[in-house]
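Have a look at the structure below, then the notes.
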Amino acid sequence: MQTQIVLEGITHKGKNCIRKKGPVWEIHVRTETVLFNPEVGPWLYVAPVGHSYVSKDAMWIKEESDKDFTIR
């Protein structure tokens with residue numbers, strides 16, 4: 001079983017995402033670096049509960065100081 005987290009939207013984009021897909025997400029990957037952003041992590045690859053990590057709803061977020069989400 002994957003680790004579950006609860007996301008809270010900060011920006012309009014984040015709030016819309018939570019409204020559409022729900023607040024409970026599963027962590028599939030945790031890493032310090034990602035190729036698309038030079039910022040050091042930790043980065044989390046998350047998907048809504050019940051969705052696969054290859055789901056179109058899966059996304060990368062920063063564990064600390066993400067611009068769209070906070071982890072509760």
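Listing for the model above:
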{"item": "Those residues of the stretch 1-60 which are basic (Lys, Arg) and under 17 Å from Arg72 (Cβ atoms), in sequence order", "result": "Lys15, Arg19, Lys21"}
{"item": "Residues satisfying the stated conditions in the stretch 46-58, i.e. touching a residue at least 40 places away in the same chain (Cβ under 8 Å) and within 8 Å of the chain's Cα centre (by Cα)", "result": "Val46"}
{"item": "Matching residues, the stretch 17-34, being surrounded by fewer than 16 Cβ atoms within 10 Å (Cβ to Cβ) and over 18 Å from Ser65 (Cα atoms)", "result": "Arg19, Lys20, Gly22, Val24"}
{"item": "Any hit, the stretch 3-14, residues being acidic (Asp, Glu) and out of contact with any His (no Cβ under 7 Å at 6 or more places or on another chain)", "result": "yes"}
{"item": "Selection within the stretch 30-68 - aliphatic (A, V, I, L, M), modelled with pLDDT of 95 or more, within 15 Å of Gln4 (Cα to Cα) and out of contact with any Ser or Thr (no Cβ under 7 Å at 6 or more places or on another chain)", "result": "Leu44, Val46, Ala58, Met59, Ile61"}
{"item": "Inter-residue pairs, beta-carbon under 8 Å, first on the phi > 0 side of the Ramachandran plot and in the stretch 8-28, second of a type outside the set (Val, Ile, Thr), 6+ apart", "result": "Gly22/Pro48"}
{"item": "Residues located in the stretch 42-69, provided they are part of a loop (DSSP other than H, G, I, E, B) and within 16 Å of Gly9 (Cα to Cα)", "result": "Asp57, Ala58, Glu63, Glu64, Ser65, Asp66, Lys67, Asp68"}
{"item": "Matching option when the condition is in a loop (DSSP other than H, G, I, E, B) and loosely packed, with under 14 Cβ neighbours inside 10 Å, among Glu8, Glu39", "result": "Glu39"}
{"item": "Gly14 being surrounded by 14 or more Cβ atoms within 10 Å (Cβ to Cβ), assigned to a loop (DSSP other than H, G, I, E, B) and among the small types (Gly, Ala, Ser)", "result": "no"}
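The values are calculated or read from the model by the stated rules, or taken from the named source; none is laboratory data. Quick caveat, the model's predicted, so the values are computed rather than measured. Note that each Cβ is placed from the backbone with ideal geometry, even for glycine, and that neighbours are counted across all protein chains shown.
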